[in-house]
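For reference, the structure discussed in these notes is given below.
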Amino acid sequence: MPVIATRPCPAEACALLEQHGLPAVWARLYAARGVTHPGDIAHRLPTLLPPAGLLHIERAARLLADAIAARQRILIVADYDADGATACAVGVRGLRLLGAQVDYLVPNRITHGYGLTPAIVALAAARKPNLLVTVDNGIAAVAGVAAANALGIPVLVTDHHLPGEALPDAACIVNPNQPDCTFASKHLAGVGVMFYVLLALRAELRQRNAYTSQTEPDLRSLLDLVALGTVADVVRLDANNRTLVENGLARIRAGKAQAGIHALFRAAGRDPLHATVFDLGFMLGPRLNAAGRLDDMTLGIECLLTDDAASAHTLAQQLDSLNRKRRDVESGMLESALGILATFNPAHSHSLVAYQPDWHAGVIGILASRLKDTYHRPTVVFARADDGTLKGSGRSIPGLHLRDAIDMVDKRHPGLIRQFGGHAMAAGLTLATDRHTDFAAALETVVREWLDPADLEGRIETDGELAASEHSYVLASELDRAVWGQGFPAPLFTGEFEVSAQRVVGEKHLKLKLARGGQVFDAMRFFHPDPLPAHIRAVYALMPNEYNGQHTLQLKLQHWEPVD
C-alpha cells in the first residue's frame with residue numbers, strides 16, 4: 001500500500017509569500033512547490049526567459065531570415081504526438097506570419113517510425129525544399145541529417161530530447177538539453193523550443209527592418225497551441241513553462257483560440273471559456289494524440305492549422321472518433337496484459353516488461369503507463385512492427401531515469417537495442433525480433449542496482465490537512481483554474497472522515513457523503529465502485545461542481561485507508 005506523506009513546506013518561504021499578500025492556504029501550497037517570491041507565480045509574458053539564452057538560437061534566426069529573404073522553401077519535419085503536432089502548427093503558422101514559404105511532413109508512427117530518418121529525408125527531398133526544420137525531433141538523427149546533407153539540404157534541428165553520444169551534423173541545433181546550452185529552463189517542450197525560435201526570428205527580422213511597429217506580427221496568437229503541447233507532453237512545469245501555459249489558457253478563455261483548439265474543446269464536451277490544465281492534458285491531448293497512434297497525425301495538424309470553423313469541426317469530430325477507437329483498443333490490450341500478468345508478483349521484480357505480437361504499436365505507451373500505475377514498477381511494453389522488429393514504449397516511476405537505464409542496458413549489451421531515446425519518465429526503443437526476454441533480464445538487473453526497495457512502495461504526497469473553513473467552492477474553483485502539472489503537482493489534501501452515505505452511480509463510480517467535525521461533504525470516488533468502510537483516512541482534491549445552475553463543492557477521493 002502506498003505511503004501517505006505530507007509535502008514539506010519551508011516556513012520562511014511561506015511567511016514571505018503571506019507578507020506579499022497571498023492567503024495562507026495559497027502561500028502554503030506555493031511554498032511547498034519551491035516558490036519563494038510572488039514574481040514566480042505572476043506568469044507575465046515579460047518574465048519569460050530571453051531567447052538569447054538558448055545556444056545557437058541567433059544562428060537559427062539568421063538561417064530562417066535568410067531563407068525568407070531568398071523566398072526559399074522551408075519544410076518542417078514533425079513528430080506524431082501532441083507536442084510534435086502543436087510544434088508543427090506553431091512552426092507553420094508562425095513562419096507564415098513572418099513571411100516564409102513553409103509546408104510540413106509528419107512521419108507515420110507505424111510505417112516510418114520516429115524522427116528524421118534517411119527514408120523521411122527521401123520523402124522530404126521529393127518536395128524540393130531548400131531548408132528542413134525538425135520540431136520535437138532531430139537531436140538523435142545523425143543518419144537522417146547526413147542523408148539530407150548528402151542531398152545538399154541543410155537542416156535546422158529544434159528539439160528538446162536528450163542527445164546521444166554524437167550530435168547530428170546539422171546547419172544549426174536549438175535544444176536546451178544539448179551540451180554547453182546554459183538556458184535555465186531545461187524542460188521546454190518541443191513546441192516551446194519552436195516558439196522561442198520564432199521569437200528570435202522576429203527579433204532578427206526586426207533588425208533587418210522587415211516591419212514597422214504597426215505591421216510586426218503578434219506571436220502571442222500562438223500561445224494556445226504552445227500551452228496545449230506543453231501540457232500534453234507532460235514536461236516539468238517550471239516557472240517558464242507555467243508562464244507559457246497560463247498565457248495560452250488566458251487566450252482560450254478570452255475566446256481567442258485557434259479554430260481547431262475551439263473545435264477540440266467542443267468535441268470533448270468542454271467549455272473553452274472555462275479552460276483548465278485538465279482540459280488540455282486529459283481532454284484535448286488524447287484526442288490529438290489519437291491521430292498519431294491509430295491513423296496519421298496529418299489529421300491532427302490540419303485541425304490545428306485551419307482557420308475555417310466548419311473544417312475544424314469536421315476534423316475535430318474525426319479525432320474524437322479515433323480517440324474512442326483508441327480507448328477500445330487500449331481497453332482490450334489492458335485486459336489482455338492483466339490476464340497475462342495474473343501470476344506476476346511485484347515482490348519478485350523491480351521492473352516489468354510485457355509483449356504480445358497482436359498488440360497495437362500505437363497504444364503501447366498508454367498501456368505501459370497503465371501497468372506502471374497498477375504495479376508501481378518501471379514498465380516497458382513491446383509490440384511487433386511491420387518489419388518484424390519490436391517497438392517498445394516505457395514509463396518510469398520517481399527515482400529511476402528510464403532513458404539512462406536503457407542507455408546502461410545498451411552499453412552492457414551491445415547490439416541488443418537498435419535505437420532508443422526519451423526522458424526520465426518516458427522512453428522508446430527498438431529491438432530485434434524476439435529479444436524482449438533478453439531486454440527484460442538486462443533491464444531488471446539495472447533497475448535492481450539503481451532502486452531501493454522503498455522506491456517501489458509508492459508514495460502519495462499531499463499538502464496535509466485543510467481547516468474546515470478552507471473547504472469552499474471558491475477555493476476549489478480557483479485551484480481548478482491554476483496551472484498545475486508535472487513537477488508542480490495539483491494539491492491533494494488528507495484527513496479522517498466518517499462515511500455517512502455511499503451509493504454506486506453510473507455503474508462504476510461511488511457517490512459519498514463524508515462527515516468530519518460537524519460538517520458533511522459531498523464526495524466522488526471515480527471508477528472505483530467498491531464500498532468503503534465506515535471510517536477512513538482520505539486523500540482528496542477539492543472539485544468545483546456545477547449542475548443545473550448550482551455551484552457546490554465536492555471532494556474528489558483519490559485514495560483511502562481504513563482507520564481502526
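We did not get these values from a lab; they are worked out from the coordinates using the rules stated. Just so it is clear, the model here is predicted, and its values are computed rather than measured. Neighbour counts are summed over all protein chains in view; Cβ atoms, including those assigned to glycine, are modelled from backbone coordinates with ideal geometry.
Odds and ends about this structure:
- Near N545, once Lys and Arg are set to +1 and Asp and Glu to -1 for all other residues with Cβ below 10 Å from its Cβ, the sum equals -1.
- Calculated FRET efficiency for the pair Q207/S331, C-beta based, R₀ 51 Å, to 0.05: 0.40
- Chymotrypsin sites (Phe, Trp or Tyr not before Pro) restricted to region 513-543 and DSSP loop, no more than 15 other C-beta within 10 Å: F526, F527
- Annotation: the residues V446, V363, sorted from fewest to most other C-beta atoms within 10 Å of their own C-beta, follow the order V446, V363.
- Cα→Cβ-extended label distance, 7 Å offset, between V520 and E165, nm: 6.8
- Footprinting exposure proxy ranking of L304, L553, fewest other C-beta atoms within 10 angstrom first, gives L553, L304.
- Straight Cα distances below 19 angstrom link K513 to the aspartates and glutamates E465, E470, E496, E498, D522, D530, E546, E561, with same-chain residues fewer than 8 positions distant left out.
- Gain in span if fully extended, V3 to E496, counting 0.36 nm per residue against the direct Cα distance: 175.9 nm
- Neighbour net charge for T379 - beta-carbon separation under 13 angstrom, K R +1, D E -1: +2
- Principal semi-axes in Å for region 46-320 [√(5λ), Cα gyration tensor, largest first]: 26, 21, 18
- Taking the helices alone, the chain has a mean residue ellipticity at 222 nm of -12000 deg cm²/dmol, built from -39,500 (n - 2.57) per DSSP H run of at least 4 residues and averaged over all its residues.
- Taking Cα centre as origin and charging only the Cβ of basic (Lys, Arg, +1) and acidic (Asp, Glu, -1) residues, the dipole magnitude of the chain rounds to 980 debye.
- Formal net charge of residues neighbouring H509 (Cβ-Cβ distance under 13 Å; K, R +1; D, E -1): +2
- Label point 7 Å beyond Cα of H528 along Cβ direction - residues of region 445-482 with amide nitrogen under 14 Å: 459-461
- Rg/Rh for the chain, where both radii come from Cα atoms and Rh is the Kirkwood radius: 0.97
- Relative contact order (%) - region 107-151, alpha-carbon pairs under 8 angstrom, separation at least six: 49
- Note, ³J(HN,Hα) from phi for region 255-264, Karplus 6.51, -1.76, 1.60, rounded to Hz, x at Gly and Pro: x, 10, 6, 4, 4, x, 4, 4, 5, 5
- Label-to-label distance, K128 versus A146, with points set 7 angstrom from Cα along the beta-carbon direction: 2.9 nm.
- Within the same chain, lysines fewer than 8 places from K411 are excluded, and of the rest, those with a Cα less than 22 Å from its Cα are K391.
- Computed over the chain, relative contact order equals 12 percent, with contacts defined as Cα pairs under 8 Å that lie 6+ residues apart.
- Proxy reagent accessibility, fewest Cβ within 10 Å first, across R202, R71, R208: R71, R208, R202
- Between L45 and A69, the FRET efficiency from the beta-carbon distance, with R0 = 30 Å, is close to 0.60.
- Sorting 542-550, 122-130 by their mean Cβ neighbour count within 10 Å, with the most densely packed peptide first, gives 122-130, 542-550.
- Projecting label points 7 angstrom from Cα along Cα→Cβ for D452 and S469 puts them 4.1 nm apart.
- T552/R220 FRET efficiency (R0 30 Å; Cβ-Cβ; nearest 0.05): 0.25
- Backbone phi angles across region 92-107, fed through the Karplus curve with coefficients 6.51, -1.76 and 1.60 (θ = phi - 60°), yield HN-Hα couplings of 5, 4, x, 5, 5, 4, 8, x, 8, 8, 9, 9, 9, 9, 10, x Hz in residue order; Gly and Pro are listed as x.
- Three-way shape call for region 460-562 based on the alpha-carbon gyration tensor, with the a/c threshold at 1.5: rounded
- Of K508/K556; K325/K511; K128/K325, those spanning more than 26 Å from alpha-carbon to alpha-carbon: K325/K511; K128/K325
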